[in-house]
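The values are calculated or read from the model by the stated rules, or taken from the named source; none is laboratory data. Because the structure is a prediction, the values reported are computed rather than measured. For neighbour counting, all protein chains shown are included, and Cβ atoms are generated from backbone atoms with ideal geometry for every residue, glycine included.
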Amino acid sequence: MKINKIKNRFYFLIFSIIILRIGSYIPIPTININNFNEIINYNNNNNIIKLLNIFYGDYILHASIFSLGLIPYIMSSIFIQTLNLLNKKIFSNKIDNVNNNFIINQYIKYTTLILSIIQSTIITHHLLNSNNKNQLIIYENIFITYLITVISLVTSTIFLVWLSKNITKYGFGNGVSFIICINILSKLFYYLIDIINKIKLGNIKLLNIFIINIVIFFIIFFIILIENGYKNIIVNFISIKNYKFKKNIYLPFKINMSGIIPAIVSYNILFIIKIIFNWYIKNNNYNNFVYNNIYLQLYQIIYIFFYIFVIFISCFIYNNILFNNMEISKYFKKSDIIIPGIMPGLKTKIFIYKIIKKITFINFLYISIICLIPEFINYFIEFPYYFNGISFLIVIVTIMECIKQIKTILLCNKYKYKKIF
């Protein structure tokens, strides 16, 4: 039965991949796809388009109805959960505390809908005010263009959210990370062909290829090492009848508790900053080349520090969302669980808070190293733009989650259950 369960999950994943790939080739109804492809190919060296290609795969290149991706859902989830962390009375249910998670999920869905409408409206406005408006837009009526484009993008985003939840339920791993992973891997073949062609033309040195391979091996090894790392805390269960300690049990705290969420959030925030910076440079003509060069160097320094700052804030917020030291200490006290050498109550709460704080700092260093090493390598060595730390992190973590879930199902297959009735 368990083997059939794994097969069914694999079939559902294959079906989901087919749906995602078909959807990536369905264009927005209001856009002339032939003219759009010509404009994209002409601007293929644009840094903004390159960044979009890394994260969204073929969605942007084909003006797909999936162009918004799952970003509205991810940002909504972070926003609502952060509000709940700051003030739990906002989403609390006084009648039934069990339904609090359901209420939070409902607010996340509503916020996702609002963000999708806002983003799709901005995209439509940008298309209507672009220099290539007559070539891109099919309909002359502005209202019809807005209506069809917004409805297409919003409904597609809602469909992706629904598909991600079903992948989590009926497939392997996390549905959101799986969809993003498929988007990244969809361009892998083209990236390899591009690298081979550049090596043949002599645009990339073999020494640079050797250095990049060493860095890739280090990144993969480092990700696997940290993702399998846990901080185990010894806890004891106290028997109320005879006041004796039972067998020690370890409470595991995963080193990378926040997963890929901080990397995704920081990537999108910095992507918005890059758009603003490019717009500012474009609309301000610098006659002094020296001043312009100094300004760009200063921007790169500020960019790195802000990148680190955003990753730290994302790790801190998401780790506190996942692990609430107050609730854990209350659960320990209610279930007669103690940490050896730590008094129950306030001291247990402080001890758990210190553990989470240390893990958050290690998590922050881990994600920062993975994200920034390729940035430094690309700065000193000329290499294609798709050598990106976030892509490695998302792909490897997603594959590891799928493998762990498969192993869990296979392990359960070894046990036989007897019928009681």
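General observations
- In the set 115, 127, only one residue is farther than 30 Å from residue 407 by Cβ and either touching a strand residue (DSSP E or B) at 6+ places or on another chain (Cβ under 9 Å) or not assigned by TED's automatic domain parsing to the domain that holds residue 15 (or both); that residue is 127.
- Conditions (1) outside the structural domain of residue 256 (by TED's automatic domain parsing); (2) at pLDDT 80 or above: number failed by residue 223: (1)
- Among residues of segment 314-344 being touching a Ser or Thr at 6+ places or on another chain (Cβ under 7 Å) and assigned to a loop (DSSP other than H, G, I, E, B), the one that is nearest to residue 250 (Cα to Cα) is 339.
- Condition check for residue 77 on (1) at pLDDT 80 or above; (2) in a loop (DSSP other than H, G, I, E, B): one failure, at (2).
- Residues of segment 115-130 classified as farther than 20 Å from residue 141 by Cβ and free of Cβ contacts under 8 Å to residues at least 24 places away in the same chain, total: 1
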